[in-house]
1. Go through the range 12-63 and give me each residue that's among the polar types (S, T, N, Q) and either touching a residue at least 40 places away in the same chain (Cβ under 8 Å) or under 27 Å from GLU96 (Cα atoms) (or both).
2. State all residues of the range 61-114 that are in contact with a strand residue (DSSP E or B) (Cβ under 8 Å, 6 or more places away or on another chain) and charged (D, E, K, R); if no residue qualifies, say none.
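Just so it is clear, none of the values below were taken in a lab; they were calculated from the coordinates. In this text the structure is predicted, and so the values were computed from the model without any measurement. FYI the Cβ positions are ideal-geometry reconstructions off the backbone, even for glycines, and counts take in every protein chain you see.
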Amino acid sequence: MSEIVMTAKELRRINRDIDESEPLSNEELANEWLRWFEKRGERYLKSAASFGYTEITLDLPYELALSPPDKPVLRAMLKELREMVPGCAVCFIEEEYEGQNLFKVEISWKAEDD
């Protein structure tokens, strides 16, 4: 196995580059989150269902979680999520964290009869 070694100077440069880079827009964040969900969401749903759960709650990127759910980017995100998981109820829920209201995604479904 090869080992990657970096000097402190190289790490400082990487940190500086990250600090100076343009932050992603909410639209870009939403698209990246949806891309992540498209790849891994089904696994989360199946895993939860296998343990008898009928809902999951997923965190959003912090910048999106602070946005009111009536913001166009979040409404579009909700619409796309509903298309990705037909037969499931998809909504935003609000939770307080360290004095701030944050929104999360909740996906629920009807339990299959045994």
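1. Answer for the range 12-63, where residues must be among the polar types (S, T, N, Q) and either touching a residue at least 40 places away in the same chain (Cβ under 8 Å) or under 27 Å from GLU96 (Cα atoms) (or both): SER25, ASN26, ASN31, SER47, THR54, THR57.
2. Passing the criteria: ARG82, GLU94, GLU95, GLU96, LYS104, GLU106.
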